[in-house]
1. Taking a quarter of the surface of the Cα convex hull of the stretch 280-407, what do you get in nm²?
2. State the dimensionless ratio Rg/Rh of the stretch 1-110 (Rg: radius of gyration of Cα atoms; Rh: Kirkwood radius).
3. Given a cut-off of under 8 Å on Cα pairs at least six residues apart, what relative contact order in percent is computed for the chain?
4. Please work out the ratio of the alpha-carbon Rg of the chain to 2.2 N^0.38 Å and round it to two decimals.
5. Within the accessible area of the stretch 42-273, what % is carbon and sulfur when the probe is 1.4 Å and the other protein chains stay in place?
6. Once the Cα gyration tensor of the stretch 195-297 is diagonalised, what are the square roots of 5 times its eigenvalues, in whole Å and ordered largest first, as equivalent ellipsoid semi-axes?
7. Full extension from N343 to D404: what is 0.36 nm times the residue separation minus their Cα-Cα distance, to one decimal in nm?
8. Rank-order 162-174, 60-72 by packing density, defined as the average count of other C-beta atoms within 10 Å over each peptide's residues, highest first.
Amino acid sequence: MELDIDFVRAQFPAFREPALQGQAFFENAGGSYTCKPVIDRLTRYYTQRKVQPYAPYEASQLAGAEMDEARARMAAILGVDSDELSFGPSTTQNTYVLAQAFRQWMKPGEAIVVTNQDHEANSGPWRRLADEGIEVREWQIDPVTGHLNPEDLEALLDENVRLVCFPHCSNVVGEINPVTEITAMAHAAGAFVCVDGVSYAPHGFPDVGALGPDIYLFSAYKTFGPHQGMMVIRRPLGELLPNQAHYFNADTLYKRFTPAGPDHAQIAASAGMADYYDALCEHHGGPATGATARAGFVNGLIRRHEAALLQPLLDAVKDRNDLRLIGPSEANGRAPTVALALNGAAEPVAAALAQHGVMAGGGDFYAVRALGALGVDVGQGVLRLSFTHYTSRAEIDQLLGALDKVL
């Protein structure tokens, strides 16, 4: 079954906004448009329920119920218990808090594994543990392809490793890493696993329970929702790590790693992401029950649509001699996040594309280590063209035409 792109785009007010007409949005890896169910829930919360939640009066009870609904429904989609899902101000902040917990828990001489494929959010906080005597081992990418080879991880694993951190997919390489295989390797060595899903989740909410990592992080503002970081921490690890919140919240798993007060309205609005997935499932005749099964059905629709649009873009750039495509040239096995190293600075090219109604970005995208390892001049950066399932074939054609003119 094909994704009904007209139905999809009808769920996003941005496509009806006069100021955005004729503009093709290709910077989705930095943040997506917000779907209408999220906007509606956020508006309702701010207009009807912007009170302290969980008090005995009705507006407060409704406010708390919406926050609980968001956690329960999103956790069900992700295949985990509702109290294993936490909300925080951003993925970067959530990772920082987790790193402080590991800082207290680990002993000097113990080790963690990080990659140089990551966005800095899932690299920098962990690397700073070296200041406490923790050994930091780097799992390095192939300097030509950007590929993260699981076989190379084996040489880094021993009885001293407590944590392995890696991305589900890189925000510049785009290749989807085999999370289940890598997690099994780490677990067999006695290590926990932290997966940065920020660049993967916009292309299908993962069944984290089936994938198996102990920590899974992503950003709701990149999955058509509000500006929140979402963090799955499986119970065995969550109860083992030191509490980072108020001491009286130590017995509540989803509060243990959110030291600041939560953003009530944005948490409540996150249920709109589940509303949106439900609407897609029902419109396309998907399963009637089972949150992960329904999400898996929607993910299949999304994946097929994105791959069909991605391959023509990859074909158009992979053999050009005036640029270098970062990552695989086949749509199968990668996300629609396409980074191009040019013969010069990327930002002026992004500015030139804007003159043709193409919204894209140039820079390092906080993937400084990955670009450096690939031999890319970080000062020049890369042109990044990223889209998601609400992108149309007409917008791909607009992009390809603009690229030909600009390059």
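1. Values: hull surface 35.3 nm².
The orientation-averaged projected area of the Cα hull of the stretch 280-407 comes to 8.8 nm².
2. Working: Rg = 19.3 Å, Rh = 17.9 Å.
That ratio is 1.08, to two decimals.
3. Numbers: 823 pairs, mean separation 95.5, N = 407.
Worked out over the chain, it gives 23 percent.
4. Working: Rg = 21.1 Å, N = 407, 2.2 N^0.38 = 21.6 Å.
Scaled against compact globular proteins, the figure is 0.98.
5. Values: 4340 of 8590 Å².
That fraction is 50 percent.
6. Details: eigenvalues 146, 52, 31 Å².
Listed largest to smallest, the semi-axes of the stretch 195-297 are 27, 16, 12 Å.
7. Numbers: separation 61, 0.36 × 61 = 21.96 nm, distance 1.50 nm.
Fully extending the segment from N343 to D404 adds 20.5 nm.
8. Numbers: 162-174: 26.8, 60-72: 19.0.
Top to bottom by mean Cβ count within 10 Å: 162-174, 60-72.
The values are calculated or read from the model by the stated rules, or taken from the named source; none is laboratory data. Since this is a predicted model, take the numbers as computed values, not measurements. Glycine also receives a Cβ, built like all others from the backbone with ideal geometry; neighbour counts cover every protein chain displayed. Ligands, DNA and RNA are excluded from the accessible area calculation, which covers all protein heavy atoms including side chains. Shrake-Rupley method; radii C 1.70, N 1.55, O 1.52, S 1.80 Å.
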